[in-house]
1. Going by average Cβ neighbours within 10 Å, how do the peptides 310-322, 103-115 rank, with the highest at the top?
2. Ordered by packing density, taken as the mean number of other Cβ atoms within 10 Å over each peptide's residues, highest first, how do 120-131, 418-429 rank?
3. Relative contact order of the chain, please, whole-number percent, based on alpha carbon pairs below 8 angstrom and at least 6 residues apart.
4. Of Leu257, Ser352, Tyr293, which is farthest along the charge dipole of the range 253-381 in the positive direction, counting Lys and Arg as +1 and Asp and Glu as -1 at C-beta?
5. What FRET efficiency comes out for the pair Leu427/Asp74, r = Cβ-Cβ distance, R0 = 41 Å, nearest 0.05?
6. Find how many whole Å separate the alpha carbon centroid of the range 50-87 from the alpha carbon centroid of the range 169-207.
7. Residue by residue through the range 369-378, which ³J(HN,Hα) values in whole Hz follow from phi under the Karplus form 6.51 cos²θ - 1.76 cosθ + 1.60 (θ = phi - 60°), with glycine and proline marked x?
8. Would you mind checking the tilt of helix 201-212 against the longest principal axis of the Cα atoms of the chain, expressed as 0 to 90 degrees and rounded to 10?
Amino acid sequence: MENLTEKLKSQPEEIRECLKSIAALAGEFNYPVYIVGGFVRDLILGVEDFDLDIVIEGDGIHFAKELSHRLKADFIKHRRFQTATIVIKDKTHPQVKIFGSGIKIDIATARKEIYEQPAALPKVSPGTIKEDLGRRDFSINAMALSISENTFGQLVDFYDSREDLGNKRIRVLHPLSFIDDPTRLLRIIRFEQRFNFKLEKTTSRLLKEAVGLKMLQKVHKHRLRDELILIFKEPQAVRCIRRVYDLCGFEFIHHGLRLSSPMLAMLKKANEMHAWFKDNFPHKRRLELRVLYLAVLLESLSSLELRKVLTEFAFHKSESKVVLSYKSDTERVRLKLEAAVHPSSIYKILQSLRYEVIILILAKTNEAKIKNKLMDFLRLYDGIRIFTSGHELKELGVSPGPDFKEILEALLYAKLDKKFHSKEEELLYLQDKILSKRTSV
């Protein structure tokens, strides 16, 4: 039986120390303990993966609670699924030196499951490691790595998973896999595209049958949303989106949604513009690429249909705001920018928009004049500040109130239009061009 101890030695010290702590405690409890899922797959493939999923043949929640005490970690219990999560956040702890947000470890009791009806969440109960691996989505994710002290590093493979991994093949573990959990129709595409693997022949047939039965339409939309977000986060997200459409269609999102050639081109352009923004504006707020994809994907829907989809799928309010703004504001912004001459005019048009919307408009427009104005806003105008504050206005005799905002905005617009350059010139402009006019009125 294959032993992966040497491969484990390539892991960061923090991970190895965590595994030692887990193995030692499991020995005290006399519990067999395993790493399962993606970590094992990626360890064999040589892919970096620091997500630790631990399965205990014993009381996983009790084990996790004791481990959290010993590691001085946060403990979160998920009683319904017989799982728990511990998070080591203390930056002074020796096991979190290289992990900025700490180390997260998911710990579960080995489980078996029954799907009482298709597309519903399963009913779980304690089981063996073999039963636990048998409930996994695909064979490449159905391996375990023993970290018990007497079998440390030993690969556990009941389902020919290692062979499938070596042959770059993705296979479901039983004929009803896509019926029991139709989200696997989306998940299998993520793994296929991420690793450039092929679907096993029977698995491909079962997938087509499940799509024909419209199984995705039977899944709660919140679960579909979570799977879509994971697709949008993939390095090859555009390829994943196209593959989802080719294999499953988009009816599970909206009956009228299609993937057109212009939409596909726009998805690619959004990806390129996201990379451009990241390279050129590292000091600005990070763009959410998944929101760019979502806005492009849903753009062809009417405003009413769009709002309905965003509500049904319960996308985050901030994400929905970007999608709706892109839909409703793009043409208005384009027309206003076309007529804008002064920097202050460009600033007024764009300053209230999220960066995601600006980048999408930039990706969509083919007019050099509009592109230049959008880029000037990002490069030159956005973030510009004046020296004057409310404190200085008080010293100049201006009473606090609505006038404060108007005066400071007028001063900012003047600075954008290069009416002055230094702090001294700004003060003179404020007195001579703004305050004097108000006094005369």
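1. Numbers: 310-322: 16.2, 103-115: 19.9.
So the order, starting with the most tightly packed, is 103-115, 310-322.
2. Working: 120-131: 15.0, 418-429: 13.3.
Taking the mean over residues of other Cβ atoms within 10 Å, the ranking is 120-131, 418-429.
3. On the way: 571 pairs, mean separation 39.8, N = 441.
Across the chain, relative contact order equals 9 percent.
4. In the range 253-381, that residue is Ser352.
5. Values: r = 52 Å, r/R0 = 1.27.
Calculated transfer efficiency: 0.20.
6. Each part reduced to its Cα centre gives a spacing of 29 Å.
7. 4, 5, 4, 4, 5, 5, 5, 4, 4, 5
8. 50 degrees
Coordinate-derived values only; no laboratory data. Model, not experiment: these values are computed from the prediction. Ideal geometry is used to build each Cβ from the backbone, glycine not excepted, and the neighbour counts take in all protein chains shown.
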